[in-house]
Amino acid sequence: MKFGQHEPAHHTLIHISDTHLLAGDRLLGGEYDTRANLRAMLDRIQRVEGASALVITGDLTELGEPDAYRALKDMVEPVAERMGIPIMWIAGNHDERPEMRRDLLGEDYSQKAIRHAFDLDGLRLIALDSTVPGWHHGRIDDEQLDWLRDKLNKPAPRGTILALHHPPLPSHVPMFDILELQNQTAFAEAIEGSDVRAILAGHLHYSMSGSFAGVPTFVAAASCYTMDVARPSRQINGMDAGQSFHLVHVYDDQVTSTVVPVAAADPAEFFTPAWYQRLEAMTPEERLDFFSRKRA
Ligand SMILES: [Fe+2]
Ligand SMILES: [Fe+2]
């Protein structure tokens, strides 16, 4: 149902990133309880209505430990099952391809890039592997670029969303561009003129948006800790605050990404189901008068 100019979104993706789980109950960097923080995020996510898929853009684990993948699976899969949505797992530089394949995805134990294409009622989701085994910077290898070009040759009915760990965007935080996606020109050439409608990424541990080869590009912050980018440039560090996930709404002619804080507070109860019902029963003129007119 619409009350404005736009038809409702036909797909809603939940986009989270950088869970950095460790085996056992170790704290990340001796400070961050990555499991408790992920649990708090999943509690919020469970309230989201009408989601189509859960996309997790990499750095799923800190060290690629088998037990960390199993713990992640045990935490996230029941939530997705209850919501009736598929999970799209993306590899990040902290992941290890063989363990991620075997212990999370149930695939063969190998260094092959983790790339997949999914059809979600006409919307194509493509997972790319931008990791370079043994390194933290990113690169999409030639085999994947060929595969991507081949896939994109045939447009999907509702277009394509790409997901990868390393964002193809500049980073304003000094030195962190050392860990960027290296072959961005080749990547841009591979998607130019295609039906790619948005790119989802992680890696930065802060929420950011930009445009790459004319395509809106959204970076979700991390569930483990976030970077305090308000500090002076050479003092930027992680903090156990500001965690958030994104809701990516896909419309016929537009893609938006909404940042949802994982706040400890519960909101007020002003807009109740009864309030919505009352508005729904009005004529468009009554609704505009009731909700839009300023009253002294
Ligand atoms: Fe990360
Ligand atoms: Fe990363």
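The values are calculated or read from the model by the stated rules, or taken from the named source; none is laboratory data. All figures in this text were calculated on a predicted structure; none of them were measured in a lab. Ideal geometry is used to build each Cβ from the backbone, glycine not excepted, and the neighbour counts take in all protein chains shown. Surface areas here come from the heavy atoms of the whole protein model, side chains and all, with no ligands, DNA or RNA. Shrake-Rupley method; radii C 1.70, N 1.55, O 1.52, S 1.80 Å.
Per-structure values
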{"read-out": "Residue among 225, 276, 109 with the largest mean-square fluctuation in a Gaussian network model of the chain, springs linking Cα atoms under 10 Å", "value": "276"}
{"read-out": "Of 64, 193, 159, the one that fluctuates the most in a GNM where the chain has Cα springs shorter than 10 Å", "value": "193"}
{"read-out": "Residue with peak Gaussian network fluctuation, the chain [Cα springs, cutoff 10 Å], from 149, 158, 197", "value": "149"}
{"read-out": "Greater than 27 Å apart at Cα, pairs in 2/294; 73/112; 112/151; 2/73", "value": "2/73"}
{"read-out": "Solvent-accessible heavy-atom area per residue, rounded to whole Å², over segment 11-265 at 1.4 Å", "value": "43 Å²"}
{"read-out": "Whole-Hz couplings from phi, Karplus 6.51/-1.76/1.60, listed for segment 173-182; x for Gly and Pro", "value": "7, x, 6, 6, 6, 5, 9, 7, 6, 6"}
{"read-out": "Cleavage-rule hits, GluC sites (Glu not before Pro), segment 29-106, DSSP coil, Cβ neighbours within 10 Å at most 13", "value": "31, 49"}
{"read-out": "Extension gain from residue 3 to residue 263, taking 0.36 nm per residue of separation minus the Cα-Cα distance", "value": "90.7 nm"}
{"read-out": "In nm, spacing of pseudo-spin labels at residue 178 and residue 136 (7 Å Cα→C-beta vector)", "value": "0.8 nm"}
{"read-out": "From phi via Karplus (6.51, -1.76, 1.60), per-residue ³J(HN,Hα) for segment 50-67 in Hz, x at Gly/Pro", "value": "x, 6, 9, 6, 10, 10, 10, 8, x, 6, 5, 10, 7, 10, x, 6, x, 5"}
{"read-out": "Theoretical FRET efficiency, 1/(1+(r/R0)^6), r = Cβ-Cβ of residue 192 and residue 112, R0 25 Å, to 0.05", "value": "0.40"}
{"read-out": "Distant-in-sequence amide H partners of residue 180 (H built 1.01 Å from N, under 5 Å)", "value": "138"}
{"read-out": "Extension gain, residue 70 back to residue 25 (0.36 nm per residue minus Cα-Cα distance, nm)", "value": "14.9 nm"}
{"read-out": "Heavy-atom accessible surface of the chain: percent carbon and sulfur, 1.4 Å", "value": "51 percent"}
{"read-out": "Between segment 156-235 and segment 27-59, the alpha-carbon center distance in angstrom", "value": "19 Å"}
{"read-out": "Efficiency of FRET between residue 280 and residue 231 - r from beta-carbon atoms, R0 35 angstrom, step 0.05", "value": "0.15"}
{"read-out": "Karplus (6.51, -1.76, 1.60) ³J(HN,Hα), θ = phi - 60°, over segment 147-155, in Hz, Gly and Pro reported as x", "value": "4, 5, 4, 5, 4, 6, 4, 10, x"}
